[in-house]
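The values are calculated or read from the model by the stated rules, or taken from the named source; none is laboratory data. Quick caveat, the model's predicted, so the values are computed rather than measured. Cβ placement follows ideal geometry from the backbone for every residue including glycine, while neighbour counts extend to all protein chains displayed. Surface accessibility is based on the protein's heavy atoms, side chains included, excluding ligands, DNA and RNA. Shrake-Rupley method; radii C 1.70, N 1.55, O 1.52, S 1.80 Å.
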Amino acid sequence: MDDYTIEVNHLSKQFGAFTAVDDISFRVRRGEVYGWLGPNGAGKTTTIRMLLGLLRPTSGEARVLGFNPASEAKKMQARVGYMSQLFTLYNDLTAAENIRFYGLAYGLKRRQLRRRHAEIIAMAGLQGRERALTATLSGGWKQRLALGCAIVHEPEVVFLDEPTAGVDPISRRQFWDLIYEMAGRGVTVLVTTHYMDEAELCQRVGFISRGRLLALDTPQRLKETQMSGRVLEINTTHPDRALRVLQEAQENGRFPADEIALYGAQIHAVVPGSDDAAAWKEPIAALLAEAGMVVNSIEWIAPTLEDVFISTVKR
Amino acid sequence: MSEYAIAADGLTKVFKTRGGLVTAVSELTLHVQPGETFGLIGPDGAGKTTATRVILGLLRRSGGHSSILGYDSMRDTYAIRERVGYIAQQFALPADLTVMENMQFFAHVQGVSPRQQKQRIPDLLAFAGLGEFTERLAGRLSGGMKKKLALACSLVHEPQVVLLDEPTLGVDPVSRREFWHLLGKLRAEKGLTILVCTPYMDEAERCNRVGLMVNGRFIAYDTPKAIKRQVNGRLLEFTPSDTPNTLALLQNPSRLGVDGILEVQTYGAMLHLFVDDPALRVPQLTAALSAQGITLDGLREIEPRMEEAFISLIRRQEEERVDGKRLSVVGTA
């Protein structure tokens, strides 16, 4: 039987006339890395706040580790970790002091704290930097330290709210290695992000927009099922002029593309799907030939998760 | 006089700090053609902002040379100011001015006459999709709209070149795409030269050429396609049944008895593996790992993206450094 650590049924949150979260249902398995992708203001943080027991839902119900966050927050919070997008670290404390501070706040005993301190320093790669002021640490270190502080009490469920903004790609991959290490030990991780490449790293991803959960599946399945149309990459002699020509053709109905955009020296166009990219070559080549341009190649390319997200949200 | 829209040759910036001298930008050379969109791509602290500010003449250079439209960054700051638009990183518009007042304020600062303002401002606001929000306070705009307003403000004096420092930082995907649509329009319709600093690897694909910047230097400087071709081998993606063991085996391929394994990168629950020849190595790998009780799920070849290329190039550079016994490896998993 599946063991669900987070269960959400028809959850809604209303702020006056504004519906921040609109009838959302989903379940997350123990040890799963579940991503929540959506723009700012989509309702991601509001939902997390309800799951943490900081906000009361207007209707519907959530269960985290079997507890109702709205009425059993105290019991639940000892087993749940939370890292906010602001990396709530004290910059004027050292790395070691931050760990100690969070450990004491979570009520860790002395011996436990000593063990966790060593584990977190190792996990964050902060050996030799224990006494560095947090303010002087680089982004990747700070982020791993913030994660360490959020899980100092060894929670079973961890909420990470936009954890890797502005961090370099290598640090970001390291951070994700840590996430999967935790998941491997049975910790459930719910990550919100508006970073597409980050969403690709999750086992399952929910698309959220304007308070609604629009799609929920593995990144691969989302790409296969949620994209209306396919992405064509067009190589032409003058991409800048070609963009203008194709956008005009789109406006007057001669080129039925959903979206046309410049990608460096190429143009990407989202067009109704068909098996044969060559079938698009003739009409596009004809349009561009009128303006004196030559098409060098046209081929289908794999959509990114961002392409899929935008296609889903627009629908 | 330079025919480049933006040029830097051996540009160096050294800061004096309490801890000694810090080289933020080190012998940077870049040449941006008129009408080109050039990306300065790299993590926080790579030196992107410093390089941009030196090129703009906001910081003094310590060595080398730089110019915009042939105007020297240090000597011709006034000429540059007249012809160049700039959005600084985390640049904040006056929140208590309306959209229209912001535009008028920046137009005034740039010496745009009231008559020109009457023509240009409505056009720019329509272009940025802000035509209906002229009376809204800038502080009450969404993050994406603020960025678009900042872009419109930076264009009010009709510059030929714009430098945008992380213009899409913290912006949601839909707004980010809309912002790049605007940049595409500026490139296609006005032939504007655009230099964008960004930590987002996928935004590199939007540029004609990019410089991948780490520790004040370029580790690659070319078109996105050419940079991705610099990566050795071809890329396989799969989910192993046991990630830690698979990773350990692949990092030490002689133990597996499979040749041609060039590099392994973790990718969430998946692994990304560069090999010399997928047709040859896939059966060998599957067999060797299955002998260890490991199965591979969803194994397929994928196109490396800029992010994989970036990681691969950084690691290669660090290995070379180690071989040269100059520095130890930092930051690789």
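The table below gives the values:
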item: Which listed residue is open to solvent by less than 60 Å² (accessible area, probe 1.4 Å), outside any loop (DSSP other than H, G, I, E, B), within 14 Å of chain A (Cβ to nearest Cβ) and at pLDDT 85 or above, from B:LEU313, B:LEU289; result: B:LEU313
item: Residues of the range A:277-294 satisfying the condition of being in a loop (DSSP other than H, G, I, E, B) and exposed (fewer than 11 other Cβ atoms within 10 Å of the Cβ); result: A:GLY292
item: Filtered residue count, the range A:260-276, keeping only those that are outside any strand (DSSP E or B) and within 25 Å of B:ALA226 (Cβ to Cβ); result: 2
item: Some residue of the range B:49-68 being at pLDDT 95 or above and in contact with a Pro (Cβ under 9 Å, 6 or more places away or on another chain); result: no
item: Exclusive hit being within 12 Å of the chain's Cα centre (by Cα) and without any contact (Cβ under 8 Å) to a residue 40 or more places away in the chain, set B:THR198, B:THR223, B:THR243, B:THR168; result: B:THR168
item: Total residues in the range A:16-39, condition aromatic (Phe, Trp, Tyr) and at pLDDT below 95; result: 2
item: Test set (1) buried (at least 21 other Cβ atoms within 10 Å of the Cβ); (2) more than 10 Å from chain B (Cβ to nearest Cβ); (3) more than 23 Å from A:VAL80 (Cα to Cα) - A:GLU200 fails condition number; result: (2)
item: Evaluation of A:SER297 against (1) of a type outside the set (Val, Ile, Thr); (2) in a helix (DSSP H, G or I); (3) open to solvent by 30 Å² or more (accessible area, probe 1.4 Å) (one fails), failing number; result: (2)
item: Members of the range A:254-299 that are of a type in the set (Phe, Trp, Tyr) and either without any contact (Cβ under 8 Å) to a residue 40 or more places away in the chain or under 25 Å from B:ARG209 (Cβ atoms) (or both); result: A:PHE255, A:TYR263
item: Near pairs, Cβ below 6 angstrom, 6+ apart or cross-chain, from the range B:136-163 (farther than 19 Å from B:LEU56 by Cβ) to any residue that is in a strand (DSSP E or B); result: B:LEU137/B:THR98
item: Residues of the range B:72-86 that turn out to be open to solvent by less than 10 Å² (accessible area, probe 1.4 Å) and within 30 Å of A:PRO169 (Cα to Cα), as a count; result: 1
item: Residue within the range B:126-145 that is within 20 Å of B:ALA5 (Cα to Cα) and in a helix (DSSP H, G or I) present; result: no
item: Scope the range B:29-56; condition among the hydrophobic types (A, V, I, L, M, F, W, C) and under 22 Å from B:ARG81 (Cα atoms); matching residues; result: B:LEU30, B:VAL32, B:PHE38, B:LEU40, B:ALA51, B:VAL54, B:ILE55, B:LEU56
item: Options B:LEU93, B:LEU69; residue that is more than 30 Å from B:GLU27 (Cα to Cα) and either crowded, with 21+ Cβ neighbours inside 10 Å or of a type in the set (A, V, I, L, M) (or both); result: B:LEU93
item: Matching residues, the range B:177-230, being open to solvent by 10 Å² or more (accessible area, probe 1.4 Å), touching a Lys or Arg at 6+ places or on another chain (Cβ under 8 Å) and aliphatic (A, V, I, L, M); result: B:LEU182
item: Yes/no for A:ARG116 being among the basic types (Lys, Arg), more than 11 Å from chain B (Cβ to nearest Cβ) and surrounded by 19 or more Cβ atoms within 10 Å (Cβ to Cβ); result: yes
item: Residue ranges of strands (runs of 3 or more DSSP E) in the range A:22-83 with at least 2 members hydrophobic (A, V, I, L, M, F, W, C) and within 14 Å of chain B (Cβ to nearest Cβ); result: A:33-37
item: Only listed residue being open to solvent by 40 Å² or more (accessible area, probe 1.4 Å) and more than 28 Å from the chain's Cα centre (by Cα), chosen from A:GLU224, A:GLU248; result: A:GLU248
item: B:SER62 closer than 25 Å to B:LEU183 by Cβ and either crowded, with 23+ Cβ neighbours inside 10 Å or out of contact with any helix residue (DSSP H, G or I) (no Cβ under 7 Å at 6 or more places or on another chain) (or both); result: no
item: Sole residue being of a type in the set (A, V, I, L, M), away from chain B (no Cβ under 13 Å) and more than 21 Å from A:TYR82 (Cβ to Cβ), chosen from A:ALA150, A:ALA135; result: A:ALA135
item: Inter-residue pairs, beta-carbon under 7 Å, first under 13 Å from B:LEU130 (Cα atoms) and outside the structural domain of B:LEU141 (by TED's automatic domain parsing) and in the range B:98-113, second polar (S, T, N, Q) and modelled with pLDDT under 95, 6+ apart; result: none
item: The range B:228-243, subset in contact with a strand residue (DSSP E or B) (Cβ under 9 Å, 6 or more places away or on another chain) and within 11 Å of another protein chain (Cβ to nearest Cβ), residue nearest to B:GLU263 (Cα to Cα); result: B:GLU237
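Yes/no matrix, rows are residues, columns are (1) of a type outside the set (Gly, Ala, Ser); (2) buried (at least 19 other Cβ atoms within 10 Å of the Cβ); (3) not assigned by TED's automatic domain parsing to the domain that holds A:ILE208:
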residue	(1), (2), (3)
A:THR47	yes, yes, no
A:ASN68	yes, no, no
A:ARG79	yes, no, no
A:GLY103	no, yes, no
A:ILE121	yes, yes, no
A:GLU130	yes, no, no
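Table: residues versus (1) touching a residue at least 60 places away in the same chain (Cβ under 8 Å); (2) farther than 30 Å from B:LEU137 by Cα; (3) of a type in the set (A, V, I, L, M, F, W, C).
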position	(1), (2), (3)
B:GLU3	yes, yes, no
B:LYS16	no, yes, no
B:ILE41	yes, yes, yes
B:HIS65	no, yes, no
B:ILE68	yes, yes, yes
B:SER73	no, yes, no
B:TYR78	no, yes, no
B:ARG81	no, no, no
B:ASP96	no, no, no
